[in-house]
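Enquirer: Questions regarding the structure given below will be posed in turn.
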Amino acid sequence: MKNALMLVTILTGILFFSCSKNEDVTTVAATQPTEVARPTTPIAAKGLIRAADVSFIPLIESEGTVYKHNNLPEDPLLTLKNAGCKTIRIRLWKNPTDGHSGLVEVKNLALRARQLGMKIWLTVHYSDTWADPGNQTKPAEWTNFSFIDLKAAVAAYTTTVMNEIHPEIYQIGNETNDGFLWPQGKLSTNEAQYLQLAQAAITAIRAQSTTTKIMFHYAGISGSDWFFGKVHNLDYDYIGLSYYPIWHGKDLNLLKTTINTLSQTHNKKVLIAETAYPFTLGYNDFTNNIVGQSNQLIPTYPATADGQKNFLIAIKSLLQTTTNGIGFCYWGGEWVAFRGPQATNGSSFENQALWDFNNNALPAMEVFKQD
């Protein structure tokens, strides 16, 4: 997200991340993989891409949380798959301080999803931590690289990621509204260098796969025409947009118009790369939530289980009536209040999760089913 933790930090002053014991749940085993199977076919062309970002699952499960379906323990990936979710989105950080969202963990999670027949969408931050519109910090080991060395590092790292995980969708950067790998790759001040860095990643991806789809991701609607105008001549496949009513407005018609305009202008397919909506305005821990007031909602969709489901139905229906809108991804669906009701470093998103306050799957998951 989205502006996930970094925006959460801005809004709530919360930083969190630690790891304790591992907890076994009824899952497909996520043992140490030696290889993630290389995809042999491109991501499905028929029907919408229906994805969920599940990046927090390894952290949450490591601290003892068990997800449920019909009040019985169940692997959350299996719950999503059975609900109709076919693609799993996973964030990747270069050298995270605690290992979470690093290459080893992401490779394990990707293998676990592959064992269930799910496709992989990687969002590669090119950072050791959250990258978002206001923060695009280079990995620490690249801090003092010259621009030439930085390009080489991007190419080498991208090649490694491709060889290790073989994703169906490779998202170059996260929320790259003003580029990535600052300051060299800051789009507003170093446009030529940003484009060269992005091209280095593209070249590495194309060299490893003829089927992997390449995405650029813009957080929001306003300003997206500027960004995608800048990358117009690059060889990529998908436009990715974030849409959260709290940050990006409550006008679904504007979202639809933006998708159509971008698609027609740049001859690209468009995905809503991140979206979410609350099923309650309540709290399940002492960590302040991003959405907690009724004026942050779209009036048509109250903060109820049905309201959350109907919001997703509206998103799905909107995409089905666009020129080239081909899918959506739910962000933070797994981010339940995993550190207990007293935690101040738990989840700022538990009321927008796809599991309720008892960690039981919510009706919104039914929207993943293919019409």
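Enquirer: Does region 78-127 come out rounded, prolate or oblate by the C-alpha gyration tensor, with a ≥ b ≥ c the root eigenvalues, rounded set by a/c under 1.5 and, if not, prolate when a/b is larger than b/c and oblate if not?
Expert: Numbers: a/c = 2.85, a/b = 2.18, b/c = 1.31.
Here region 78-127 falls in the prolate category.
Enquirer: Evaluate E = 1/(1 + (r/R0)^6) for THR160 and ALA140, where r is the Cβ-Cβ distance and R0 equals 22 Å; express this FRET efficiency to the nearest 0.05.
Expert: Step by step, r from the Cβ atoms, then E = 0.80.
Enquirer: Amide H to amide H, which residues 5 or more places from GLY64 or on other chains are under 5 Å from it, using H placed in the peptide plane?
Expert: GLU23
Enquirer: Quickly estimate the mean residue ellipticity at 222 nm for the chain, helices only: each DSSP H run with n ≥ 4 gives -39500 (n - 2.57), and the total goes over all residues, rounded to 500. Can you show the working numbers first?
Expert: Values: 10 runs with 114 residues, N = 371.
Rounded to the nearest 500, it is -9500 deg cm²/dmol.
Enquirer: Cα centroids of region 320-343 and region 247-293: how far apart, whole angstrom?
Expert: About 10 Å separates the Cα centre of region 320-343 from the one of region 247-293.
Enquirer: What is the list of residues in region 294-326 whose amide nitrogen lies under 20 Å from a point 7 angstrom out from the Cα of LEU234, following Cα to Cβ?
Expert: From region 294-326, the list is 326.
Enquirer: In whole Å, what three semi-axes, largest first, describe the equivalent ellipsoid of region 145-228 built from its Cα gyration tensor (square root of 5 times each eigenvalue)? Kindly include the intermediate steps, with their values, before the conclusion.
Expert: On the way: eigenvalues 90, 59, 16 Å².
The answer is 21, 17, 9 Å, longest axis first.
Enquirer: I've got another one for you. Mind jotting down the three principal axis lengths of the chain based on Cα atoms? Whole angstrom, largest first.
Expert: That works out to 53, 45, 41 Å along the principal axes.
Enquirer: Separate question: With +1 on each Lys and Arg Cβ and -1 on each Asp and Glu Cβ, and nothing else charged, work out how big the dipole of region 253-371 is about its Cα centre, in Debye to the nearest 20. Walk me through the intermediate numbers first.
Expert: On the way: 7 positive and 8 negative charges, 89 e Å.
Once rounded to the nearest 20, the dipole reads 420 debye.
Enquirer: Only Lys, Arg, Asp and Glu count, each charged at its Cβ (+1, +1, -1, -1), so figure out the dipole size of the chain about its Cα centre, rounded to 20 debye. Working shown, then result.
Expert: Details: 29 positive and 31 negative charges, 184 e Å.
The calculation lands at about 880 debye.
Enquirer: With a point put 7 Å past each Cα toward its Cβ, work out how far SER294 is from ILE148 in nm, to one decimal.
Expert: Between SER294 and ILE148, the label points sit 6.4 nm apart.
Enquirer: Still on this model: Using the Kirkwood formula on the Cα atoms of region 204-354, what hydrodynamic radius do you get, in angstrom to one decimal? Don't skip to the answer; put the middle values down first.
Expert: Details: mean 1/r = 0.0602 Å⁻¹.
In region 204-354 this quantity evaluates to 16.6 Å.
Read-outs throughout are calculated quantities, based only on the coordinates presented, and are distinct from any laboratory measurement. These numbers were taken from a predicted model, which means no experiment stands behind them. Note: ideal-geometry Cβ built from the backbone for every residue, glycine included; neighbour counts use all protein chains shown.
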